[in-house]
Amino acid sequence: MPKLDELNPRKRSRLILILIILALILLAAPAFVWMRSSNAYLAQQRKPKMSPVIMVPGSSATENRFNQLVNLLNKDTDKKHSLMKIQVGNNDKLSTTGYIHRGDREPIIVIGFKNNHDGYDNIKKQARMLNIAFESLTKQYHFNNFKAFGHSNGGLVWTYWLEKYYSQYSDSITVKRLMTLGTPFNFAEKSIQSPTQMFLDLEKNKKKIPSSLSVISVAGTESYDSDGLVPEESVQAGKYIYQKQVKHYTTMTVTGDDAQHSDLPQNKEIVRIIEQYLLDNKSAPVPVKKGEQ
Amino acid sequence: MKRRGYQFLQWLTHSSFISIVHDTLLALFPFALVGSIAQMILKTMFSEDGFFANIFYFSEWMPDWIFKACQAALFAINQVTLSLFGLLVVYEAAKYTARLYHRDAQTAGMTGIIALLLVAFRYDKFSMVKGISNFNWKLLGSQSVLLAFVIGYGVGQLYRWLAKERNYSDNHTFISIYDRSLLAIWPVIIAVVSAVVISFLLNFSVLNAWLRSGYSTLINVGENDNQLWLVVLTKLLMAVVDWLGLGTANSANVMMSGLSFEENLNYALQHNSCWNVPHPLLGGSLYNSFANFGGHGALLALLVAILIVGRRRDYHRIARWSLIPTLFNSSFGVMVGIPVLMNPILFLPAVFIPTLNMLIAALAITIHILPATPYPVLVGTPGPLISFIATNGNWWVLMFTIALFILDVWLYLPFVRLLEKWPQYQVKGGRF
């Protein structure tokens, strides 16, 4: 080979040039495939897209827990929300009923757990299962923001998820609002003086909760200090977790008919609160494009 | 006029400094090459937005620990070769300068290293208390080559004045080891003292910080949505800085973000078209797509020109070695090997060809015969393919870019011929 080089270096160089050009053409093919798929993904992600409401029921309840609530919501508004229900099985398998209508910007997705028992250990498990369902949602539907709703322990599952799992998505998906309903942040304890382990953990990791979040915590009361199951003090303990960490933390107390813990999701007043505070009821603001002012 | 220019070039290349730069860089080519190859592999294969890592979907099938291990190994090679390149430069530069005047070259080289380290020494309280040596590492790297040359040359001159002439280059002559050692005492003392005095007087860390911030301001202005003349001017200045050996060793990390870039990308994605984006003449996109053929100075075009019309075997071999890293925009190898750094003959093309490319492309975009290039591009995408990828696969743009590249090669041809004929660069080894 060196002989060829000594005679005329250009011969060998031309050969190498031709090889490089061939290699470049060969490389262009996978680069083309990458380019198309990556740009398609980017385009998909930026489309005017949906902002789902994801609901998590409390203990002993299934993914059907909010059927009535969704009916009530759809009765009032002309924008009908489609309802999709996902159950996470004990083997982490997802089974889905219902579907999201095409073009529905604000579908309601309920994520229930086959294992729906009470207790801190179970809430951790449910948060992990919620994450499995959430991850699969992000892969199927390209949304960049959503609203979270949790009834009773569902609010604990959301809080735990926000602290432990949300950081995986935080750069591409925003959680706009979280509404908790009769959520016992300190379980059945009547006073913050006797904090549960769960409350301590949630409070310890509060810094991981996104500071752009708005939180609405709603309590129901039958008597003066309880909704018949959860002490009002335990609901109000949420302030130690969310206050001074999120953008807005609002608490409301609902009394009167249907203010018992299990009736809360059907309570007319609460349906109104959901419509007013959790859903995107106004049409999204259209950004003014540069040069078109 | 032409004659004047020729004479000026003659004078420049005759000057001891420029010829020492030339020889030093040539001698260091293997290190620069290894560094740029490591850099190329690191950028294209083992970084998140690298070209190969993405088009072959490394993240899908490559175990994480292999990825991490390769990343670490290549980073180490890259750091030691390129980020400490100034040490090699100062040694060789002092050595060649001393040899030019028949002084002891080896000792001069080592003195050069000491002088550069003293200049780069960081005088902070922390190191004093802990007894640790700390350096302004940037001053030792490939982005401060000019400084290393000046110091090396200066140390060589010290030997010329203070040491005695001996015939060191002839191996058969016996040189007393005492002679060599004793003759170096005064040059070492003066070099050490003046290095310390200079570094105190000139506070290099501050000077360097100014230079760095100036450079990043240039990058910022040049890559954002500014007046075209401003973009072109800053790119021109950057090309000069790079030619002087004060730029970054790679142009692979051209900025692909910023508000204007996002606005362009959003527009293109929404309309599925590259035409009529809000900022058609965005500096970064323009430069990256149409002038970044192998880093600053369209050096890929230079290499191709050498491979096509070159007659000299050494140039061919250097060009062939540095072709692959340059193709993926790690061009330090060719900058050192040909060399391009501080080469008076290559100043004009290296500075003006990329500018010309940008102007032509900007004109074509302005009169709407060429779309803008708003889509993201992977790090280390081969230069001629960048515009194609950045338009989501516009064939017309690809053809335009290839035509532009051929023009660049053609523009480099006379300079390659001049380079080969240039008498000062003809014979190696025999000169000293």
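The values are calculated or read from the model by the stated rules, or taken from the named source; none is laboratory data. Note that this is a predicted model, so its numbers are computed, not measured. Neighbour counts run over all protein chains shown; Cβ positions are idealised from the backbone, glycine included. To get the accessible areas, we keep the full protein, side chains included, count just its heavy atoms, and leave off ligands, DNA and RNA. Shrake-Rupley method; radii C 1.70, N 1.55, O 1.52, S 1.80 Å.
For residue B:324, the stated conditions hold: it is within 11 Å of another protein chain (Cβ to nearest Cβ) and assigned to a helix (DSSP H, G or I). Restricted to helices (runs of 4 or more DSSP H) entirely inside the stretch B:23-112, those with at least 2 residues that are within 21 Å of the chain's Cα centre (by Cα) are B:64-82, B:85-100.
Within the option set A:28, A:40, being small (Gly, Ala, Ser), surrounded by 13 or more Cβ atoms within 10 Å (Cβ to Cβ) and more than 7 Å from chain B (Cβ to nearest Cβ) holds for one residue only, A:40. Among the residues examined, residue B:26 qualifies as in contact with a Pro (Cβ under 9 Å, 6 or more places away or on another chain) and either open to solvent by 40 Å² or more (accessible area, probe 1.4 Å) or under 30 Å from residue B:160 (Cβ atoms) (or both).
Considering the conditions (1) open to solvent by 30 Å² or more (accessible area, probe 1.4 Å); (2) at the interface with chain B (Cβ under 9 Å from one of its Cβ atoms); (3) over 45 Å from the mean Cα position of the chain (by Cα); (4) modelled with pLDDT under 90, residue A:46 is excluded by exactly one of them, (3). Residues considered: A:16, A:20. Of these, the only one that is in a helix (DSSP H, G or I), in contact with a Lys or Arg (Cβ under 9 Å, 6 or more places away or on another chain), at the interface with chain B (Cβ under 7 Å from one of its Cβ atoms) and at pLDDT 90 or above is A:16.
Here the condition is being under 25 Å from residue B:85 (Cα atoms) and away from chain A (no Cβ under 11 Å); of B:379, B:397, it holds for B:379 alone. Going through (1) outside any helix (DSSP H, G or I); (2) touching a Phe, Trp or Tyr at 6+ places or on another chain (Cβ under 9 Å); (3) modelled with pLDDT of 85 or more one by one, residue A:289 falls short only on (3). In the stretch B:275-321, how many are more than 13 Å from every other protein chain (Cβ to nearest Cβ) and open to solvent by 20 Å² or more (accessible area, probe 1.4 Å)? Counting residues in the stretch B:275-321 that are more than 13 Å from every other protein chain (Cβ to nearest Cβ) and open to solvent by 20 Å² or more (accessible area, probe 1.4 Å) gives 3.
Only residues that are without any contact (Cβ under 8 Å) to a residue 60 or more places away in the chain and out of contact with any helix residue (DSSP H, G or I) (no Cβ under 7 Å at 6 or more places or on another chain) were counted across the stretch B:124-153, and they come to 11. Scanning the stretch A:49-78 for residues that are in contact (Cβ under 8 Å) with a residue 60 or more places away in the chain and either within 13 Å of chain B (Cβ to nearest Cβ) or polar (S, T, N, Q) (or both) yields A:49, A:51, A:59, A:68, A:77. If I filter the stretch B:86-93 for residues that are more than 14 Å from chain A (Cβ to nearest Cβ), open to solvent by 50 Å² or more (accessible area, probe 1.4 Å), in contact (Cβ under 8 Å) with a residue 40 or more places away in the chain and under 29 Å from residue B:163 (Cα atoms), do I get at least one hit? Within the stretch B:86-93, one or more residues are more than 14 Å from chain A (Cβ to nearest Cβ), open to solvent by 50 Å² or more (accessible area, probe 1.4 Å), in contact (Cβ under 8 Å) with a residue 40 or more places away in the chain and under 29 Å from residue B:163 (Cα atoms).
Note on the stretch A:214-252: residues that are modelled with pLDDT under 90, among the hydroxyl-bearing types (Ser, Thr, Tyr) and closer than 23 Å to residue A:118 by Cβ amount to 3.
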